[in-house]
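Here the structure comes first, spelled out in structure tokens, and everything after it is commentary.
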Amino acid sequence: MSKRFFIVLAASLLTAVSGADPHRDLPDIGSPADTVFTRSQAEAIGRSVLRQLREQGSVLEDPEIAEYISDLGQRVASQAHEGEHTFNFFVVNDDAINAFALPGGYVGINSGLVTATRSESELAGVLAHEVAHVIQKHIARRIAGTGRSSMLATAAVLAAILLGAGGDAVPAVIAGAQGLAIQEQINYTRANEYEADRVGLQYLARAGFDPMGMPSFFEVLSRQAAMPGSRLPEFLQTHPLTSTRIAETRDRAVRTPVAEVRESSTYELMRARIHVLNARSTDEALRRFASPPRAAPDFGALGHRYGHGLALMRAGRYAEAASRFQALVDEHPTTVAFHSALGEALILAGRHAEGLEVFAHAARLFPRNRPLTVRHAEALLRTRNFDQAHAILLDIFNVVRPTPPQVRLIANAADAAGLHAEALFYMSEYHLLTGELDMALDKLRLALLEPDLQAWQQARFEARIAELEPFLQQRRASRGRSDDNE
């Protein structure tokens, strides 16, 4: 992570925590951690960090990868059975091996960690560990453990530790946190890690993954850290790991029952996809997948073939890619990613009618699959079928919550289709998702000025303005109070 992002993140955490009133909304029963910040404040912290990551272009917005990690994370998180947290899983486009949990149920995992794992159970084990951090309120408990007088200093250190800020960032923050017992914080973190291992293993097994995946990946990291001249993985900087902890986790995993291990082939496909997207050059991507599958066992046979097709697409060799994806579709007709890749390759090869038919057929097989729908819409936009692109995006986004880039995509589709008022409405929602409330309201007001506005549209826009304006007034009043206190 860049120092600039660390500073922004620290500021976000400081602002959110300093705004917490420990005497408001106290639960009737709970730990001291519950008094540090409310659920809405925790959500605001996590949302703010994710927004800053997106603004820096650090979130991997690839629809297929994002959907896979989200589905995998939700599969694990659903085993917590606690109902308090709504989880949001996202991928950070960083080769470093790291993962982190934030207040409010936000869990980030680096693309480098995904490619470093060797099985879906190892990857799910990391997610289970991070989910346990959230469920057990470890972040809030660490802040509460230092006492309210040092809450702000702890939050700043926490920002550095969670996201592995390098260089002089961590020492500088620690030096500025006068009176902070750093060693006590480290020990407390280790206690949290043991608890996250124990609780996470239960989630992992109940979700149908091999509990050994967690200690297995710990051993991979430990061996890597022990190699001469190797750089300590960031995951180990933020998640202290000892031989005792590995042994205890392995012993507990052996004794954790699992009815049936269910791993998906999508895991190896997404690992291959990340490798192609993050390859430093097209030649590097082609070299990685050009050898026979048995010579490149990292991805499995299907992952290798899929990765080779993606590398060919990256090289502009669309006809060759389409041929390989067609073979994969013929052999594995129930794998959505193969249909989507085939349609995309055909469109890019200029075979528009064939590509659109592939997407239409896949949409019938896999209705309302979000990555497929996004790729289908992109193909429709490329072939100037603007109304249809808008229609299929609107259909799915009425069912599933879109990401900010996906909201921008439907805004572009609506605008290209001549639906300018709707495009402004979508852009308002985009700015709302990215935390720009003023701009969101401006877009709604512009939408009201559009000619030929329908009565239902006017009522919809006015209702949304009435809903949002109190929040803007509250924000301005809060800023005014802050200015008066300076």
Of the residues Arg250, Arg223, Arg198, which is under 21 Å from Glu120 (Cβ atoms) and either modelled with pLDDT of 85 or more or surrounded by 19 or more Cβ atoms within 10 Å (Cβ to Cβ) (or both)?
-> Arg250
Considering (1) touching a helix residue (DSSP H, G or I) at 6+ places or on another chain (Cβ under 9 Å); (2) part of a helix (DSSP H, G or I); (3) more than 22 Å from Leu50 (Cα to Cα), say which one Glu467 fails and leave the rest.
-> (1)
How many residues does segment 311-355 hold that are closer than 21 Å to Phe366 by Cβ, in a helix (DSSP H, G or I) and polar (S, T, N, Q)?
-> 2
Tell me which of these Pro240 doesn't satisfy, since it passes every other one: (1) surrounded by fewer than 16 Cβ atoms within 10 Å (Cβ to Cβ); (2) modelled with pLDDT under 90; (3) not assigned by TED's automatic domain parsing to the domain that holds Glu195.
-> (3)
Of all residues in segment 412-427 being in a helix (DSSP H, G or I) and in contact with an Asp or Glu (Cβ under 8 Å, 6 or more places away or on another chain), the one that is nearest to Arg370 (Cα to Cα) | Ala414
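The values are calculated or read from the model by the stated rules, or taken from the named source; none is laboratory data. Keep in mind the model is a prediction, meaning the values are calculated, not measured. With ideal geometry, Cβ positions are generated from the backbone for all residues, glycine too; neighbour counts draw on all protein chains shown.
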